[in-house]
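Asker: Once you've had a glance at the structure underneath, I'll fire off some questions.
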Amino acid sequence: MREFARYMTQRLDNAGLSERDDGPGMVTDSALVMNMHNGDKNAFRQLVERHKRMAFQTALGLVGNRDDAYDISQEAFLRAYRSSGTYKSDQPFLPWFYTIIANLARTWLKKRSVAKSRDVDLDDVEYLMTSDTTPEEEYIRGEEIDLLRKSLLKLPFDDREIITLHHFRNMSYDEIAELLAIPRGTVMSRLYYARKRLARLMGGDHG
Amino acid sequence: MDDRLRQMLAGYVDNELTEQERIEFERELAVNAELQRELKEFNRLKTVTGQMKYADLPDQVWEAYWQSVYRKVERGAGWVLASVGAIVLLVFGVFEAFSKLYADPTAPLWLKTGLTLGAVGLIILLVSLIRERFFAYKRERYTEVEK
């Protein structure tokens with residue numbers, strides 16, 4: 001059991017999602033939220049510094065636009081600050097915080113769809129880029145990646161959420177289950193259906 | 001294909017199955033053409049998504065991130081204080097103006113009556129608005145933190 005806990009902490013660390021209490025002088029996220037609620041500005045700052053990248057990148061996966069993801073991540077910290085009174089010290093911080101990000105992203109997407117009634121422009125899609133590939137490979141994969149970008153933005157929110165967390169945040173099923181407070185089996189089902197829809201949007205058997 | 005098999009397919013692609021589940025899945029895979037087709041499709045998808053990653057922001061943006069968040073907190077507090085101050089001054093000004101108007105015997109009755117009705121109407125609208133916002137807040141304030 002201890003091995004599992006250590007493994008999970010390491011995995012969450014890699015994903016930038018751990019409850020940090022793993023060293024001398026390190027305060028847990030939950031303690032920081034409680035201190036923040038009591039007016040400790042430094043606690044708020046620590047929390048922001050600890051999770052800013054995760055907040056930004058998660059929002060990016062959900063809304064597909066870097067400027068908006070930046071604003072959403074900052075707004076999420078403000079909401080967390082203002083809502084810290086509703087936070088219970090025995091609840092894990094990250095699922096609570098993630099829900100704030102996801103709700104902000106949902107609202108943003110709703111407003112955007114009302115305002116524009118169309119999909120996000122490809123010009124706005126700055127969040128995905130090819131990884132360490134050669135220029136030749138990049139060229140060959142270009143069309144396929146563009147198709148994936150477009151298709152991801154057409155997916156329903158829940159599908160994009162699960163794909164973002166698994167594929168682009170590199171979270172395991174257990175981590176996603178914990179974050180979204182859903183059973184592991186539900187994570188598997190949601191991933192299955194999200195991939196099916198994504199494959200369909202990309203034109204079925206694109207291999 | 002049943003739900004369990006669908007779940008196992010996702011888990012197989014992501015190497016998230018237990019040894020026993022993997023053996024069970026592979027046994028089914030050997031005789032199920034639909035499963036083989038879907039596995040191929042999912043593996044292809046995983047390859048494509050594996051070639052992409054998030055673009056990060058420049059370091060200077062991250063360095064200024066906290067300052068930006070804190071400025072928003074300060075501005076939020078500033079707006080609240082400024083709004084409260086403005087409301088206090090407005091109420092005081094209106095009260096003073098009305099006091100003088102009602103104390104003035106030369107002011108016509110229609111003016112006093114009109115202003116009184118207008119003021120009562122505005123107060124009702126304001127109370128109604130505050131009540132609506134208050135109840136909406138009570139109902140929705142957890143939406144940002146609860147599933």
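Asker: Taking B:LEU29, is it out of contact with any His (no Cβ under 7 Å at 6 or more places or on another chain), surrounded by 12 or more Cβ atoms within 10 Å (Cβ to Cβ) and over 24 Å from A:PRO183 (Cα atoms)?
Answerer: yes
Quick grid of which residues meet (1) surrounded by fewer than 19 Cβ atoms within 10 Å (Cβ to Cβ); (2) more than 41 Å from the chain's Cα centre (by Cα); (3) in contact (Cβ under 8 Å) with a residue 12 or more places away in the chain:
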site: B:ASP2; (1), (2), (3): yes, no, no
site: B:VAL13; (1), (2), (3): no, no, yes
site: B:GLU24; (1), (2), (3): yes, yes, yes
site: B:ARG44; (1), (2), (3): yes, no, no
site: B:ASP56; (1), (2), (3): yes, no, no
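Asker: Here is a further query. Where in the stretch B:59-147 are there helices (runs of 4 or more DSSP H), lying fully within it, with 1 or more residues that are more than 36 Å from the chain's Cα centre (by Cα) and at pLDDT below 90?
Answerer: Helices (runs of 4 or more DSSP H) meeting the threshold: B:65-103, B:109-140.
Asker: If I ask for residues that are of a type outside the set (A, V, I, L, M, F, W, C), without any contact (Cβ under 8 Å) to a residue 12 or more places away in the chain and more than 8 Å from chain B (Cβ to nearest Cβ), which ones from the stretch A:168-195 would you list?
Answerer: Matches in the stretch A:168-195: A:PRO183, A:ARG184, A:THR186.
Asker: Going through the stretch A:80-91 one residue at a time, which ones are open to solvent by less than 70 Å² (accessible area, probe 1.4 Å) and within 21 Å of the chain's Cα centre (by Cα)?
Answerer: Result: A:ALA80, A:SER83, A:SER84, A:TYR87, A:GLN91.
Asker: Only one of B:VAL94, B:VAL31, B:VAL88 is away from every other protein chain (no Cβ under 14 Å), within 30 Å of B:MET8 (Cβ to Cβ) and among the aliphatic types (A, V, I, L, M). Can you tell me which?
Answerer: When all the criteria are applied, what remains is B:VAL31.
Asker: Go through the stretch B:11-24 and give me each residue that's over 27 Å from A:LEU60 (Cα atoms) and either hydroxyl-bearing (Ser, Thr, Tyr) or within 12 Å of chain A (Cβ to nearest Cβ) (or both).
Answerer: B:TYR12, B:LEU17, B:THR18, B:GLU21
Yes/no per residue for (1) within 21 Å of A:PHE56 (Cα to Cα); (2) part of a helix (DSSP H, G or I); (3) basic (Lys, Arg):
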| site | (1), (2), (3) |
| --- | --- |
| A:ASP146 | no, yes, no |
| A:LEU152 | yes, yes, no |
| A:ASP158 | yes, yes, no |
| A:GLU175 | yes, yes, no |
| A:VAL187 | no, yes, no |
| A:TYR193 | no, yes, no |
| A:LYS196 | no, yes, yes |
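Asker: Here is a further query. Out of B:LEU115, B:LEU101, B:LEU45, B:LEU57, report the one residue that is over 21 Å from A:TYR70 (Cα atoms) and either within 14 Å of chain A (Cβ to nearest Cβ) or in contact with a Cys (Cβ under 8 Å, 6 or more places away or on another chain) (or both).
Answerer: That would be B:LEU45, the only listed residue that is over 21 Å from A:TYR70 (Cα atoms) and either within 14 Å of chain A (Cβ to nearest Cβ) or in contact with a Cys (Cβ under 8 Å, 6 or more places away or on another chain) (or both).
The values are calculated or read from the model by the stated rules, or taken from the named source; none is laboratory data. The shown structure was predicted, so the numbers you read here are calculated from the model rather than taken from an experiment. Don't worry about glycine lacking a Cβ; one is built from the backbone with ideal geometry, like all the others, and counts go over all protein chains shown. Ligands, DNA and RNA are excluded from the accessible area calculation, which covers all protein heavy atoms including side chains. Shrake-Rupley method; radii C 1.70, N 1.55, O 1.52, S 1.80 Å.
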